[in-house]
Each structure stands twice: as structure tokens, then as C-alpha cells.
Amino acid sequence: AIIIGITNMDEFGMGSLGSHAAPSEDGQTSTRNPFRYMSHLKTVLSWDDNDESSMSELIKLSSDYILEAHEEALARAGDNPILSAGGSSCGSAASVAHGSSLASLGTDTGGSVRLPSAWCGVVGLKPSYGLISRHGVVSYASSLDTVGILAPSVDCVRTVLECLAQHENDNGSRDSTASFYDSCVPSLSSLGATKDSSGALSGIKIGIPSAFSVADCPESIRQVWNIGAHSLQDHGADVKTISTHVLLPELIRKSLAAYYILASAEASSNLSRYDGVRYGPAASIDHEQSQVDTDTTPLEELFSATRSEGFGTEVVRRILCGTSVLSSDRFHTHYEAAAKLRAALTKQFHRAFEEVDVLLIPTVLSSPCSLTELLDSTEMFANDVMTVPISLAGLPSVSVPVTVGTCDDTASVGLQLVGSRLNERVILDVAKVLEGIFSNDTS
């Protein structure tokens, strides 16, 4: 593979909108979602990804004609607000959606690969925790961080995953939380499921967990969810409802709070290394003009100045939250309670997978928001409610894009397929069928 560069992202992977990146040279901090522009461009050029003859005709077009089409697509997209690409792996998703790269890597701590992939209209995979080594990844929350894959199709994701998994096992560059999963690598090959085969999913049990049917789920996404379930059933899958006795709605609701407690606590610990001495660049301070405080040593002043200068507002917010929950008066009531909820949630997911092979749930409960009217922090946190429970349990999940809306106001959301640990092959096979179902925008 040819590595063409790095992409934008929310600072330290903290964010769901791609709006918390470090400022660039032109002052731009947010990543723009290219999905709507690309939709207009494909309409102008009569471009169909699934039609080989369409692609062959596209290659024959003159550069002048393509430039005119590009300008027309920009004009059409310009009438609409600029949308968020999601986060935190916003640049990875945008580069694939735009066609700048065939595949991109990102990190998924609580949904940071699946959310942007859903909003940008690409496929996003969060593998089982530990399947791909975190070697070289700057840690945010070590017990949750997972290297994920974003690509235009399920087949491309499968190819990249197979390559990464084999490479990790061959060269031994593993981090302390990863293990060797030799048995998983050869099983990544597809069962041969295709969108045209009515029995492609014969024998596969798919669960629709009632616990994820939250009141905040809009009707458009609930409709897409139903279409996906019925269509998979038409392709031979045995679709059943997972009752609230197996997977408790209360645990799903509380998982978001538990996630942010655990992730912030780990972030507070991991980012303490950025002091300008042991790790990271140091801030320049004038000790003669520093604040008059006899209790502050020059070293502490350096630590404070370095972190104040280097960390953005969202990173500071989460570090302070993590420091608070790790304090002696909150450790037992907050951190330990969150850890217990995580253990209970993991057990319930294991119980659910005794009944089914795959769970089908929405990836996100809203379409992309405008970059000019960003959600506040609480709304941004709530955006992860569908992805966080899977991350807490360390399960694999793949998001398949689904288009909603009208031709003039189209947007991308996603449905995600969740499997038991190291069951990537099955969820990718089902995802391949789901990808075919929605390839013609049946929603």
C-alpha cells in the first residue's frame, strides 16, 4: 500500500463532530463533509459505482467536461449548509468519501470510526478490541482505543483487515493489550454472500435489540432500521427481537455516562505525560514575569504553561472530568460504579449472542449537523449512545451507510452490525448483503 499522508481529526480523538482539531495554517479547525457534494457530482456525471459501463464511460470524458461538472456540483452543494463529517476520525472518513484515498485508518474509542463513516457515506469497521495492535497510536483511553478501518466498500474493508491482521501476527509488533489471534485471520474470507442471492444469509440469526429502540430515535432512522431488518430476512436470515430481559434498556441508557467516566479517567492518566519535560514540546515562559506564587515551583509553572498552551478546550474538559472522578471522594461512587456497569453490560451482550449471531442497530440517531450550528457538548456526547455500548464490551462492529432524504436534501446515516468477539467474518458477510440492499437508495 502507498501511504499518501495524514488526515485531520479531533484533538487526541476527543469529539464527535470533527470540530475540535488543532488549528491549521489557514485557521480552519473543522472537517467538511463531502457526501452531499459527491452526490451532486455523481448526478451531474451520471456516475454509478455499481455499473461498470458507467465507470468506463466516465473515464472517456474530457477534462474540460469534468471541470464543468465539478463547478456545477459545487454550485448545487453551495446552496446548502456545510455539514460536519463526524468525529473523531473525520479526516479519514472525508478522504475516503471524496475519493482521495482508497482506504483510511482511524481510531475508535466510543464510535469515532463508525459515526464519521455513517455521516460521510462510507463503510467503517471497529474490530474486536485487541485484534489490531495499538502500537504507534497516541493513547486516549487504553482499555477502549481500537484501530479501525474506513473504506468505500465492505470488500475493501475486509481486504485491509485481513492484511493488517496477518501483518500483526507476522512481525510481532504488538502492544500490551493485544494478543495473537491466528484462528481469526483465515476466517475473514467471505462466505460468498451477494446482494442477488436470496439465500445468502441462510442459517445466520440476526437480533434486533429492543433496548436500543430509544425514544430519541427519529422516524426516518427507525424506518431505515425496519427496512434493513426485513430485507435481511428476505435474504435468508432468521431475524428475531432480543427482549429487554436479555439486554436491559437501563444499562444501555447508563452506558453513555459510564463510558465518559472511564474514558475521561484514562485520558487524565494517559495525557499527564505531556509536561514538556518527559513528553511533548515545552512552552516558553518568562520566570521573571511569572505569577507571584511562592507555592508554585518553576517546574510546576512549566507543566501548567505547557498544558494550557498545548491542550484544546475539549481535551481540558475531559482531563478535568477524569481527574475529578479519580479523586478519593469520587473514585468509589463514580469510577468503580462505571466499571461495574461495564462488566454487567458485557455479560448481557454475551447472553444475547447465545441467541443470535449478529445484532442490527442504527449507527447514529441524527443526520449530519451544520458546521455553523454545532451541537453543544451534551448533545455531542448523546450522539454516541448507539456506539458506546459496543465499545465498552470490546465487540466488533461495522457501519454500513444508508442514504435518507430527498434528492435535493440528501444525507447519509448508517446501520451497524455487531458480532461477538473475533466474529468479524460473519458481520462483514452480513454487511456485504446490507450494502447491496441499500446501494440503490431504497430508503
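No lab work stands behind these numbers, since they all come straight from the coordinates. Just so it is clear, the structure is predicted and the values come from calculations on it, not from any experiment. Because the Cβ atoms are built from the backbone with ideal geometry, glycine has one as well, and the counts that use them run over all protein chains shown.
Annotations for the structure displayed:
- Amide H contacts under 5 Å for Ser128, placed H, 5+ residues apart: Leu422
- Ordering of 311-323, 107-119, 420-432 by burial proxy (mean other Cβ atoms within 10 Å per residue, highest first): 107-119, 420-432, 311-323
- Note, ³J(HN,Hα) from phi for the range 356-370, Karplus 6.51, -1.76, 1.60, rounded to Hz, x at Gly and Pro: 9, 8, 9, 9, 10, 9, x, 7, 8, 9, 8, 7, x, 8, 6
- Mean Cβ count within 10 Å, highest first, over the residues of peptides 357-364, 155-162, 333-340, 221-228: 357-364, 155-162, 221-228, 333-340
- Nonlocal amide H pairs with Ala283, under 5 Å, H built at 1.01 Å: Thr306
- Taking N as the residue count of the range 302-414, its C-alpha radius of gyration divided by 2.2 N^0.38 Å amounts to 1.42.
- Three-way shape label, the range 59-129, alpha-carbon gyration tensor, a/c 1.5: oblate
- Over 24 Å between alpha carbons, listed pairs Lys205/Lys347; Lys42/Lys126; Lys254/Lys432; Lys126/Lys432: Lys42/Lys126; Lys254/Lys432
- Karplus-based coupling profile of the range 150-162, in residue order and whole Hz: 10, 7, x, 8, 5, 4, 5, 4, 4, 4, 5, 4, 4, with θ = phi - 60° in 6.51 cos²θ - 1.76 cosθ + 1.60 and x standing for Gly or Pro.
- For Thr241, the amide hydrogen comes within under 5 Å of the amide hydrogens of Ile208, counting only partners 5 or more places away or on other chains and with H modelled in the peptide plane.
- Computed from the Cβ-Cβ distance with R0 of 51 Å, the FRET efficiency linking Ala339 to Ser63 stands at 0.30.
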